[in-house]
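See below for the structure under consideration.
What follows is calculated from the coordinates using simple rules that are stated; it is not laboratory data. Computed from a prediction, not measured in an experiment: that's the story for all the values here. Note that we place each Cβ from the backbone using ideal geometry, even for glycine, and neighbour counts take in every protein chain shown.
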Amino acid sequence: MTGMKTALCGFFLIVVLVYTDSFGNQGSRIEMRVAALIEKMVDKKTEQQAFADLESLGCPAVPTIIERMDDRRKLPDPRISLRNKSPDAFEGLRHYGPEKVVDALAAILNQITGQHFGFIYNGATDAERDKTVRGWRDFLRTTPFAKLCESG
């Protein structure tokens, strides 16, 4: 009986996703994915993969990440490594020690967009985090969607 329930739930999920996509609701699908990945960031077993998966969503996820970034929950493992995309890089990876979800999201947003509104990637004060979140939200409000990732 459990197998039948699982199969039925899986079928229902596929129908919902196909129905949603057929009406062009890509945004809501990305919003759900970003929300789920942020939840996985606070679980030690899934944290590192969540960082990679969030970055892989790329520019379409930037608005949702910014909207959800003021999350002050503590990360279980304060480490994140991101590929160094700088042409002058002498190392292949950039390593940071974010303390809270907001710190890691700022690093991921910097990775995707190339923008920087405060160096909180290794932890920060609440005032520094507030300023960084405001900077990202101002950037989102004043930048056309097509130009969000021009520097990234």
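For the reader, a short list of remarks on this structure follows.
- Where residue 118 falls short, out of the listed (1) of a type in the set (Gly, Ala, Ser); (2) within 23 Å of residue 32 (Cβ to Cβ); (3) in contact with a helix residue (DSSP H, G or I) (Cβ under 6 Å, 6 or more places away or on another chain): (2)
- Wholly within segment 34-122, helices (runs of 4 or more DSSP H) carrying at least 1 residues that are in contact with a strand residue (DSSP E or B) (Cβ under 8 Å, 6 or more places away or on another chain): 47-56, 101-113
- When residues of segment 128-152 are limited to those that are in contact with a helix residue (DSSP H, G or I) (Cβ under 8 Å, 6 or more places away or on another chain) and polar (S, T, N, Q), the one farthest from residue 85 (Cα to Cα): 132
- Qualifying positions in segment 128-152 - among the β-branched types (Val, Ile, Thr) and part of a helix (DSSP H, G or I): 132, 133, 142
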